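What follows is a single structure, written as structure tokens, with notes after it.
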């Protein structure tokens, strides 16, 4: 791995950082407060090509690599974690499986819509009784003529309330266990598909996290991704990629917490001097900075493994997600601590960061699941 | 309309703790971040807007170290067509006059209708390069430019004056415009444009290509941080005590 | 770990040496407090004594990343041999390479790089550890000589070294401005040794007290100019942090490897240990933190090789790798249960060896202050 960024990665980082500072950061508190899906942010990001970072130009994307996508997600999340995860879901949970596994026809049909922001993507995997344990899915899809008939309920789907295109997993053959799961592209206006309960979340509050309800929903046969029974494989390789971006989101949130803490510790005085002069504060800042740098390197490294065509990078991806989310929770906690009582107040950004960080340890595979993935690869 | 934009890569010192280095003539730059000079980014955007209206080519020029190529590449991604770096390392100490002379030499074979610069750079704050370059080239210039419109080989420009006044000038082309910040809203480069610009070649010219013996008009003696607050007195106590003491001081100084 | 192919190849070749020759010696070096003269000879033959030094000065002509990998790989099997190499190459060799003139390089650098002479570094004193500006050892100029008086403590390889770089001041009240760096050769009159330390770990390495009593050092032994000492040892420690980070990393990897092996070979309540989720959780934490430490260490080395600032990154690498290193070694013992504290398994040695990494060449507290100053821009 090259520890330096390439020219285009450096430029991407520079421009996305400036964009995020000027356009996203100023509205982040309001978005958190209102819980309104940030369409205005997405329109601007679509123009810059941030909604299809790794999608080739011919499908309307920007043609970058996965390290670049991670850099972009980190910078966006540093300014607004809600926007960060919306973009991550659109990029890695929606465009990626289509790009990697769908037919040419489906790619040409759906990718330009997702890259331009005309439609936003969502991912329907988790169910009321099946989260990280994919084999326990209860949703089913049976072929009837030129349609699949889809039944089931999906929960905790980020973007779902506002999305136009969904990747949905269901059993086409329950007996075959994980080899009987299939993946579909589902459009919002599909008959028999409706939205259920809207989740009221502690953090990343404007992500339109919603329940999906399928009651004899008719999915055109050609919207099957890959072949019947490919669903598990598609799900796992999609999560390998998307976990890198959750790692990147975590790094962004943690970096923001550090930046705020550095700023505050220079301004805030106690016992006649700025608190940054105290070794206890310095010790916390140093720990935070070290943890963030370690997490960032793990994220870049996982992205690098994907970019260099390593077929298996589940371990690296799981490490980046597990570690970055773990330290993001710790770093935001320390940031609140450094801010003292003010850190508990909505007048300071760290209050939001502390809430935004917690879900990182939960979605796209809990930390416990990541650890099982990591251990399994080591002990094989 | 063919345009040249002068761009400088400058350290971001607004929020950093600036220290003087061992030479006493420069600041410690190890851990500072660098970026395109603010006014120059407005000049670049104005050039791109002019090009979008009337076509033509934009050449971005920077006198800087190798890292300035990163800044030039951003200019290419935003809309410049070609870029030239003048090797800072070949020319030693600089002032506004010498900088203008070197830029003049670097662009001598390029056809242009206008040169846009930022009105000042945030590091040296000379306000000189634009006007000096215009004088060297024998063409008109305007400073503190807040609007540019071009029609029939004439430019109509606005200049921002003190007291909220605007001066409207008609100028013949070619000319030099030293642009004020706020004249437009600089864009962000799209990812596709970034990827295309990343591989573009930047022309680098040094002392082999620039024969002129550009000289300094002034030499830097010392850079220092003035001692602070010698005449300030911090008043402490209750609001009543502080206001009483304030009134006494004003009386003592004969101000009322 | 993916690096460039040349780094991977280098590691693969090294493993033949570390697995075949170093690992079998490690337990007895520890038990018998034996210094590995045989392994030093082999490292010299394999061109490992000054990996990053150019060939013209007797080194291997490779980069700091190769060097970090070497220390990591040796540390993975034997901390004592690892600390010897780190002290020789980073602390003995580096200041002469960095600040020595051509004559000094010919006289000391080349033989050290070839492994004909052993190098060491005398900085710490009884009352000046991480706070190096408090140096009390004095060097007073007398004609073309310096008269040196003082005591240095905790000096790795001190009493066996042929070439020792040390710091002294011409006036303790001048703080770091007064510090200069000198070379003292073994056998110089007035230069003697106190007792070697009896230590918790790294027992196959030698830690000495150096005593200067009216010791005359010729002016040709001054590195750089008078007063350059602070700059020289700061630069030396910056690079030294990378090697201690690499050593901490290597020991941690050794502990993880031992733990994984144990979980595969043993059962608990009739179930292979590795199948227990509690074990998997521990193994995953260990592996993730080691990978993070590895990336920090390699990044610092890569920045140094690229000629970019690496002070903050080196401090992070050293602080982080040693912190997680002791944690990982401790967890490795937990996985072994009672077996972990017996001398039948290597993990009790790993935790004893690893503990020094949090202390030597600047404690974790000092590293954190270095990092904080960098991010606060102070």
Inset, instruction - From (1) over 23 Å from residue B:123 (Cα atoms); (2) buried (at least 19 other Cβ atoms within 10 Å of the Cβ), pick out the condition that doesn't hold for residue B:178. - result: (1)
Legend entry - Residue match in the stretch B:146-160 (condition: part of a loop (DSSP other than H, G, I, E, B), more than 18 Å from the chain's Cα centre (by Cα) and exposed (fewer than 12 other Cβ atoms within 10 Å of the Cβ)): yes
Inset, instruction - Check whether at least one residue in the stretch C:41-61 is surrounded by fewer than 22 Cβ atoms within 10 Å (Cβ to Cβ), free of Cβ contacts under 8 Å to residues at least 12 places away in the same chain, in contact with a helix residue (DSSP H, G or I) (Cβ under 8 Å, 6 or more places away or on another chain) and outside the structural domain of residue C:157 (by TED's automatic domain parsing), and report yes or no. - result: yes
Inset, instruction - Please tell me if residue A:114 is at pLDDT 95 or above, part of a helix (DSSP H, G or I), in contact with a strand residue (DSSP E or B) (Cβ under 6 Å, 6 or more places away or on another chain) and surrounded by 24 or more Cβ atoms within 10 Å (Cβ to Cβ). - result: yes
Inset, instruction - Quickly run through the stretch A:294-312 and pick out the residues that are at the interface with chain C (Cβ under 9 Å from one of its Cβ atoms), surrounded by fewer than 23 Cβ atoms within 10 Å (Cβ to Cβ) and either in contact with a helix residue (DSSP H, G or I) (Cβ under 7 Å, 6 or more places away or on another chain) or touching a residue at least 12 places away in the same chain (Cβ under 8 Å) (or both). - result: A:304
Legend entry - Single match in A:40, A:46 (criterion: more than 14 Å from every other protein chain (Cβ to nearest Cβ), in contact (Cβ under 8 Å) with a residue 12 or more places away in the chain and closer than 22 Å to residue A:163 by Cβ): A:40
Inset, instruction - Within the stretch C:336-343, identify whether any single residue is within 14 Å of chain A (Cβ to nearest Cβ), buried (at least 23 other Cβ atoms within 10 Å of the Cβ) and part of a helix (DSSP H, G or I), and answer yes or no. - result: no
Legend entry - Single residue of A:374, A:338 found to be more than 28 Å from residue A:131 (Cβ to Cβ), within 14 Å of chain C (Cβ to nearest Cβ) and either assigned to a helix (DSSP H, G or I) or at pLDDT 95 or above (or both): A:338
Inset, instruction - Show the residue pairs that are 6+ apart or on different chains and have beta-carbon atoms under 7 Å apart, the first residue being within the stretch A:261-278 and over 16 Å from residue C:374 (Cβ atoms), the second being in a loop (DSSP other than H, G, I, E, B). - result: A:274/A:268; A:275/A:268
Inset, instruction - Pick out, from the stretch C:93-205, the strands (runs of 3 or more DSSP E) lying fully within it that include 1 or more residues that are within 28 Å of residue C:42 (Cα to Cα). - result: C:119-122, C:145-156, C:163-169, C:179-185, C:191-193
Inset, instruction - Would you be able to say whether some residue in the stretch C:308-322 is more than 11 Å from chain A (Cβ to nearest Cβ), at pLDDT 95 or above, part of a helix (DSSP H, G or I) and buried (at least 24 other Cβ atoms within 10 Å of the Cβ)? - result: yes
Legend entry - Among residues of the stretch A:1-22, those that are part of a helix (DSSP H, G or I) and either in contact (Cβ under 8 Å) with a residue 40 or more places away in the chain or at the interface with chain B (Cβ under 7 Å from one of its Cβ atoms) (or both), counted: 15
Legend entry - Set A:330, A:356: member being assigned by TED's automatic domain parsing to the domain that holds residue A:268, out of contact with any strand residue (DSSP E or B) (no Cβ under 8 Å at 6 or more places or on another chain) and surrounded by fewer than 24 Cβ atoms within 10 Å (Cβ to Cβ): A:330
Legend entry - Criterion (within 12 Å of chain C (Cβ to nearest Cβ) and closer than 30 Å to residue C:279 by Cβ) met by exactly one of A:327, A:275, A:281, A:359: A:327
Legend entry - Number of positions in the stretch C:344-363 that are over 15 Å from the mean Cα position of the chain (by Cα) and part of a helix (DSSP H, G or I): 6
Inset, instruction - Answer yes or no as to whether residue A:263 is in a helix (DSSP H, G or I), out of contact with any helix residue (DSSP H, G or I) (no Cβ under 9 Å at 6 or more places or on another chain) and either within 12 Å of chain C (Cβ to nearest Cβ) or surrounded by fewer than 23 Cβ atoms within 10 Å (Cβ to Cβ) (or both). - result: yes
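Yes/no matrix, rows are residues, columns are (1) farther than 23 Å from residue C:185 by Cβ; (2) in contact with a strand residue (DSSP E or B) (Cβ under 6 Å, 6 or more places away or on another chain):
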{"residue": "C:210", "(1), (2)": "no, yes"}
{"residue": "C:216", "(1), (2)": "no, yes"}
{"residue": "C:226", "(1), (2)": "no, yes"}
{"residue": "C:236", "(1), (2)": "no, no"}
{"residue": "C:241", "(1), (2)": "yes, no"}
{"residue": "C:248", "(1), (2)": "yes, no"}
{"residue": "C:254", "(1), (2)": "yes, no"}
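The values are calculated or read from the model by the stated rules, or taken from the named source; none is laboratory data. Nothing here was measured: the structure is a model prediction, and the numbers come from that model. Using ideal geometry, Cβ is built from the backbone for each residue, glycine included, and neighbour counts are taken over all protein chains shown.
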